[in-house]
Amino acid sequence: MDCRYIELKSVADERGTLHVAEEFADLPFELKRIFYVTDLVPGVERGHHAHRETHQAFFCVDGAAELRTQRPRSEVTVWRLDDPGRGVYLPPMTWAVFSAASPRALCLVLASTLYSPDDYIWDRHEFERTPAAPGR
């Protein structure tokens, strides 16, 4: 399974816009963890790692961000995140780097696993040598 955009259901009226993400309907994984990154500074990168088992969905809920992903033996893909109702799905074994494209951007990440340091691959060379399991 490759990275792809995820479009959330959105309902807008005079009170604002509601964006909804439901596991298995909108997200291709069971949701176990939610985290967000605030006060992102344009040009400063975060990430620079992959996950062995974790599926993720990235959203920029305020401002704009850029997400660069790479799957094993594939080219780098650049994703623009500037719509809170549109995110990017990252399957396991996806190298990811993100940065703000606007001051004080706010990024939300939905993950399929609880935090485990053993799930992270921080070394780029190790990532490139690790084969992706079938179906990932």
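Some points to look at:
- The listed residues are S116, S112, and the only one of them that is of a type in the set (G, A, S), within 26 Å of D39 (Cα to Cα) and loosely packed, with under 13 Cβ neighbours inside 10 Å turns out to be S116.
- The lone exception for R46 - which of (1) assigned to a strand (DSSP E or B); (2) open to solvent by 60 Å² or more (accessible area, probe 1.4 Å); (3) over 16 Å from V78 (Cα atoms); (4) of a type outside the set (G, A, S) it fails: (3)
- Single unsatisfied condition, F29 versus (1) in contact (Cβ under 8 Å) with a residue 60 or more places away in the chain; (2) open to solvent by less than 40 Å² (accessible area, probe 1.4 Å); (3) under 12 Å from the mean Cα position of the chain (by Cα): (3)
- Any hit, the range 83-92, residues being part of a loop (DSSP other than H, G, I, E, B), free of Cβ contacts under 8 Å to residues at least 40 places away in the same chain and not aliphatic (A, V, I, L, M): yes
- With respect to the stated conditions, L18 fails to be surrounded by 17 or more Cβ atoms within 10 Å (Cβ to Cβ) and either modelled with pLDDT under 95 or outside any loop (DSSP other than H, G, I, E, B) (or both).
The values are calculated or read from the model by the stated rules, or taken from the named source; none is laboratory data. Note that the structure is predicted; figures quoted are calculated from it, not measured. Reconstructed Cβ throughout: ideal geometry from the backbone, glycine too, with neighbour counts over all protein chains shown. Surface areas here come from the heavy atoms of the whole protein model, side chains and all, with no ligands, DNA or RNA. Shrake-Rupley method; radii C 1.70, N 1.55, O 1.52, S 1.80 Å.
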